[in-house]
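Readers should treat all values here as calculations from the given coordinates under stated rules, not as data from a laboratory. Please read these numbers as outputs of a predicted model, since none were measured by experiment. Using ideal geometry, Cβ is built from the backbone for each residue, glycine included, and neighbour counts are taken over all protein chains shown.
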Amino acid sequence: MGRCYAILQQVIQAWQAKDIDRVLAFMDDGIVWHYAAAAMPPVRGKAAARKLLERFQADMHGIQWRIFAYSETGDRLFIEGVDDYRTTDGHRVAAPYAGVLEFRGDRIVGWRDYVDLGVLDQQKAGQALSRQVEGLLDRPVAS
Amino acid sequence: MSLDRRTLIRAAVATGALAAEPALAKEPAMPRLYPVLEAIIAAWKRQDVEGVLTHVTDDIVWRNSSGYAPAIKGKAAMRTALQNMKAMIQPGSNRWRIFDYAESADRLFMEGVDEFHLTTGQHVAIPYAGSLQFRGALVSEWREYFDGRISAEMKAGKPITAEVKEMLDRPLAK
């Protein structure tokens, strides 16, 4: 297992335990986080990241964040995965995405997730997962 | 014939000379898969559909959306999709470029932008990340992730947003 991926696994464990402080412990103070790259402005800095995590957490239940594949080179980690959870309204949301994390030492300083917010909005409104989304999710989890 | 640094390193590896030269041993591994992507990009910039297809398997699965459109399955279907795209893109306007990549075993991850002008004049720039699964030297599965609404808005003539521009202002991968 790569060094960066091992850190991401700890982030995932912390997020699934809804431990925001622990998630933030893996972020650099100057983090630039494109949580929906090119679609939304990034959040900059740990304080803004905390607010975003708190907003996410309020509507995410039974989180099954999974990584299907990854590769790392130098201080960058590339991932393919899914944030799979239920909203407070009971709708299943599972948006496949690819992301790139940049590290400074053991901390994440840049994070860019590429995801289709349109797909996500449809699922939040109660639409069932499409066949093409199911096709992207039907993969073994990375070891 | 001149010998460049990488040629010398390959020769050193073959002879075991690197055991005594730790500085050379730290040279990053030569990419095996990225040159295939570079060849695909070069072909597509020439709008050479067959040049692209020569690098994919007959049973390629091309998931060119983040889940909003069905996968394109098989080389024949990919040919049709590429021909349709080619007809919409101004020749010579394609600036598809890769900002960063990583490869391991038979998988290549990439971060880049599809940038071009439509024949109807609209400027389209779609930042994305994706992965290519290889079988030998051929791409057998291709997955791209981006927000389809951004693409649709630009194709409809809306200007490129500040959020998109921010993603484009990056040096190219080496």
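Is the C-alpha gyration tensor of the stretch A:43-143 telling us rounded, prolate or oblate? Criteria: a/c under 1.5 is rounded; beyond that, a/b larger than b/c is prolate, otherwise oblate. Oblate. Applying the criteria of a DSSP loop state and at most 13 other Cβ atoms within 10 Å to the GluC sites (Glu not before Pro) of the stretch B:94-159 yields no site. How far is the Cα center of the stretch B:47-121 from the Cα center of the stretch A:1-50, in Å? The stretch B:47-121 and the stretch A:1-50 have Cα centres spaced 31 Å from each other. Would you please classify the overall shape of the stretch A:16-90 from the alpha carbon gyration tensor, given that a ≥ b ≥ c denote the square roots of the eigenvalues, rounded means a/c under 1.5, and beyond that prolate means a/b larger than b/c while oblate covers the rest? The shape class here is oblate. Checking the cross-link pairs B:Lys86/B:Lys158; A:Lys124/B:Lys73; B:Lys86/B:Lys155; B:Lys45/B:Lys174; B:Lys75/B:Lys158; A:Lys124/B:Lys158 against a 23 Å limit on the alpha carbon distance flags A:Lys124/B:Lys73; B:Lys75/B:Lys158; A:Lys124/B:Lys158 as lying beyond it. Here the Karplus relation 6.51 cos²θ - 1.76 cosθ + 1.60, evaluated at θ = phi - 60°, turns the backbone of the stretch A:5-20 into coupling constants of 5, 5, 5, 4, 4, 5, 4, 4, 4, 5, 5, 5, 8, 6, 9, 5 Hz, with x for every Gly and Pro.
Using Cβ point charges alone (K and R +1, D and E -1), the dipole size of the stretch B:89-135 about the Cα centre works out to roughly 120 debye. Which of rounded, prolate, oblate describes the protein assembly as shown, given a ≥ b ≥ c as roots of the alpha-carbon gyration tensor eigenvalues and a/c under 1.5 marking rounded, otherwise prolate only if a/b is larger than b/c? Oblate is the answer for the protein assembly as shown, as a/c is 1.5 or above yet b/c matches or exceeds a/b.
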